[in-house]
Amino acid sequence: MRWFEITIVANEQAQEMVAHYMHEWGAGGVSIEESWSPDKPRDTSLGQWYDKPLNDIPAGLAVIAGYFPEDVYTDGLVAELTAQLQGLPEFGYDAGEFTVKTREVNEDDWAHAWKKYFKPLQVSERLTIKPTWEDYTPREDELIIELDPGMAFGTGTHPTTALCLRTLEGAIRAGDTVIDVGTGSGILAIGAMKLGASRVLALDLDPVAVSSATENVRLNGLQDDVEIRLSDLLGVLQEGEDGSPNAGYAAGTSRVVPPVDLVVANILAEIILLFIADVFDVLKPGGIYIASGIYKNKEEDVEAGLLAAGFEIVDRVRQDDWIAFVCGKPKGEDE
């Protein structure tokens, strides 16, 4: 099958929006590579050892490559993407003097070649992500997430995913019920179960992500504990026209029924702002909401939205220029 690669070099702060646009236009996969300039700090909090040479991407830039099947790619697609990137300042982002290149590629060139760069990665005190094709001997107390992300986002190497996993480790309590919104590869849902959750409902709008998450949950032996649904944010949980709860999926068949103890969402700040009230509604009083995927220029907007919905901000965790909010629903609500 023929695929077309569109590669955009743009400011790092715009990388998530570029990837978001590519997915909207039908990309079968998107890869992001950030600069590793000599003056950029590297996370060594868990004893990470960096033995690979620095890449030659200029400081402050990222290379975002989207892969489009021949039945999706058109001559006008590049022009449409370019116009969207030029309009990013309207949303508080700046792609800078970006460049766009295209080329035709063979499926195997992009679908599997990246795997040689994905190695076992310790992302928190207890959690380590292990690609299914790598051999690895864990410590006695180490929790292993077996992962083959396929074409879905989420390997744990991006700051927003790592932030979520580390924050989950400190926030989750044994027996918690959890909803993972925008599950991607299923990495956060699996991490939540490994850390002690009793059940997880994992939601994603992308059928590719639903398929990938389903397989990764199976690889970790958690198919009886993690339920994966195709859903636009929390839409699957919305009431039906007759007012019945959870009418979006078969009544009585779900293993996770709100209210729940914890919700985690690792998606764009603009999307987080769209459904804060819905998250508030599905949480128990005293429940926790972890919201990640927030670039520093959107921190104040998200904070204002969370407070306006009634959340209390318990903590905020940072890595590079990304922020994850840890919020609590006041215990007095609904009582």
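The values are calculated or read from the model by the stated rules, or taken from the named source; none is laboratory data. Only a predicted model underlies this, so the values are computations on that prediction, with no experimental measurement involved. Here Cβ is always computed from backbone atoms with ideal geometry, including for glycine, and neighbour counts include all displayed protein chains.
Selection of segment 258-284 for residues being closer than 17 Å to ILE172 by Cα and either in a loop (DSSP other than H, G, I, E, B) or polar (S, T, N, Q) (or both) yields PRO258, PRO259, ASN266.
Look at (1) more than 30 Å from LEU61 (Cβ to Cβ); (2) surrounded by fewer than 17 Cβ atoms within 10 Å (Cβ to Cβ); (3) free of Cβ contacts under 8 Å to residues at least 40 places away in the same chain and you find that ILE276 fails only one, number (2).
Which residue pairs have Cβ atoms closer than 6 Å, lie 6 or more positions apart in sequence or on different chains, and pair a first residue in segment 189-203 that is in the same structural domain as ASP224 (by TED's automatic domain parsing) and in a loop (DSSP other than H, G, I, E, B) with a second residue that is modelled with pLDDT of 95 or more and of a type in the set (Asp, Glu)? Going by the 6 Å Cβ cut-off, the qualifying pairs are ALA197/ASP176. When the residues of segment 293-335 are filtered to those that are crowded, with 17+ Cβ neighbours inside 10 Å and basic (Lys, Arg), the one that is modelled with the lowest pLDDT is LYS298. Could you grab me the full set of residues in segment 287-315 that are in contact with a Gly (Cβ under 7 Å, 6 or more places away or on another chain) and β-branched (Val, Ile, Thr)? Scanning segment 287-315 gives ILE288, VAL314. Would you check if ILE290 is crowded, with 20+ Cβ neighbours inside 10 Å and either at pLDDT 95 or above or in a loop (DSSP other than H, G, I, E, B) (or both)? When the stated conditions are applied, ILE290 passes them.
Applying the condition of being surrounded by fewer than 14 Cβ atoms within 10 Å (Cβ to Cβ) and modelled with pLDDT of 90 or more to segment 90-101 and asking which residue is nearest to ALA65 (Cα to Cα) yields LYS101. Right, GLU146: surrounded by fewer than 24 Cβ atoms within 10 Å (Cβ to Cβ), at pLDDT 85 or above, among the charged types (D, E, K, R) and in contact with a helix residue (DSSP H, G or I) (Cβ under 7 Å, 6 or more places away or on another chain) or not? Yes: the conditions hold for GLU146.
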